[in-house]
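Asks: Here it is, the structure, as structure tokens.
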Amino acid sequence: LAALMVFGLASCGGGSGKVSDKDITVISREEGSGTREAFAQMVGLEADGAENANADQTREDARIADSGEAVTEEIAQTQNGIGYVSAAAAEEDGVKVLQIEGVSPGEEAVEKGDYPLSRSFYLVYSGTLSDLDQDFVNYINTAGQEVVARSYVPVKEAGTFLSNKEPGKIHLTGSTSIAPLIEELVEGYNEYNPNAQIEVTETDSTQGLNAAMQGKCDLAMSSRDLESYEKELLEYQEFAKDGIAVIVNEENPLENLSLEQLKEIFDGSLKNWDEL
């Protein structure tokens, strides 16, 4: 690729030297993060037969960030860094979104599945939903799809919603990537039903799913596909689609990576930018 051919020649200015002269600094999410697990699965970083179900082949010296916001902050401050975040959180000062296999994580590419790092967002629960829980879910699947469409890809046509105005509380917990979208949906739902009190706790997808199985929350948020045993124990609904954006510092001249190159960067096979 042309971008890769000129990469070793491009200077980043500021008197700090070329990015191509530097070791690659990998910024990864924490174990249990749905974004990390989805990324590892799609890139090919899963560790076969690992004792820890959350384990993958991410290089041991990777810096760990506990949210997408923390990843973008690290990349903005790290000239030779690379990381991954929800595409909706990638447009921040100081960072640049790379194409993967020549495709950008735009809405159309994510919707059609043309972008290689596309994923789904899920609401997950155990047993039967209460009337209030069901009302909130009905909102998300109808009028709430307009809220989804502001930054993500909706999975259904937006429709008319009439609330039962049920009073009570709902506790959601799970993915930090989904939480900002859920907060917007809560705000929209409260316009229809001001009697509801909805609490959103950010942990990670795996902790959210475990909380749902243990009856510690009403709804869990998962930004990764459920494991087979989780599907047997839980009910789940897809409510949005998202792309995982691969980001580098804005001074990095690179524009595109293949999935194989991405895997080799994150498993440590490629350690220096000039190896590209």
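The values are calculated or read from the model by the stated rules, or taken from the named source; none is laboratory data. Predicted model, so just to flag it, every value in this text is computed and none were measured. All Cβ positions, glycine included, derive from the backbone under ideal geometry; neighbour counts span all protein chains shown. Just so you know, the surface numbers come from the protein's heavy atoms only, side chains and all, with ligands and any DNA or RNA stripped out. Shrake-Rupley method; radii C 1.70, N 1.55, O 1.52, S 1.80 Å.
Here's the yes/no breakdown for (1) of a type in the set (S, T, N, Q); (2) open to solvent by 10 Å² or more (accessible area, probe 1.4 Å); (3) in contact (Cβ under 8 Å) with a residue 40 or more places away in the chain:
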position	(1), (2), (3)
Thr206	yes, yes, yes
Asp218	no, yes, yes
Ser223	yes, no, yes
Tyr229	no, yes, no
Phe239	no, no, yes
Asn252	yes, no, yes
Lys263	no, yes, yes
Trp273	no, no, yes
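Asks: Give me a count of the residues in segment 150-165 that are open to solvent by less than 60 Å² (accessible area, probe 1.4 Å) and over 16 Å from the mean Cα position of the chain (by Cα).
Replies: The qualifying residues number 5.
Asks: If you don't mind, there's one more thing I want to ask. Return the residue satisfying two criteria in turn: it lies in segment 119-148 and is touching a strand residue (DSSP E or B) at 6+ places or on another chain (Cβ under 9 Å) and surrounded by fewer than 16 Cβ atoms within 10 Å (Cβ to Cβ), and of such residues it is nearest to Gly34 (Cα to Cα).
Replies: So the residue we want is Gly127.
Asks: Right, another one. Only one of (1) of a type outside the set (Val, Ile, Thr); (2) modelled with pLDDT of 95 or more; (3) under 18 Å from Glu227 (Cβ atoms); (4) touching a strand residue (DSSP E or B) at 6+ places or on another chain (Cβ under 9 Å) fails for Gly44. Which number is that?
Replies: Gly44 satisfies every listed condition except (4).
Asks: Tally up the residues in segment 60-101 that are assigned to a helix (DSSP H, G or I) and either open to solvent by 100 Å² or more (accessible area, probe 1.4 Å) or not aliphatic (A, V, I, L, M) (or both), please.
Replies: 6
Asks: Further, regarding this structure: So which residues in segment 147-167 are of a type in the set (S, T, N, Q) and touching a residue at least 24 places away in the same chain (Cβ under 8 Å), if there are any at all?
Replies: If the condition is that a residue be of a type in the set (S, T, N, Q) and touching a residue at least 24 places away in the same chain (Cβ under 8 Å), then Ser151, Ser163, Asn164 are the ones that fit.
Asks: Would you please list the contacts, defined by Cβ atoms under 8 Å and residues six or more apart or on different chains, that run from a residue in segment 27-45 that is over 18 Å from Thr72 (Cα atoms) to a residue that is buried (at least 24 other Cβ atoms within 10 Å of the Cβ) and modelled with pLDDT under 95?
Replies: Every condition considered, no pair remains.
Asks: Residues of segment 102-132 being of a type outside the set (A, V, I, L, M) and in a strand (DSSP E or B), which ones?
Replies: Within segment 102-132, Ser118, Arg119, Ser120, Phe121, Tyr122, Tyr125 qualify.
Asks: List the number of the failed condition for Pro116; all other conditions in (1) closer than 18 Å to Lys241 by Cβ; (2) buried (at least 21 other Cβ atoms within 10 Å of the Cβ); (3) in contact (Cβ under 8 Å) with a residue 60 or more places away in the chain hold.
Replies: (2)
Asks: With the condition being touching a strand residue (DSSP E or B) at 6+ places or on another chain (Cβ under 8 Å) and within 12 Å of Gly34 (Cβ to Cβ), I'd like the strands (runs of 3 or more DSSP E) fully within segment 167-247 carrying at least 3 qualifying residues.
Replies: Strands (runs of 3 or more DSSP E) meeting the threshold: 219-222.
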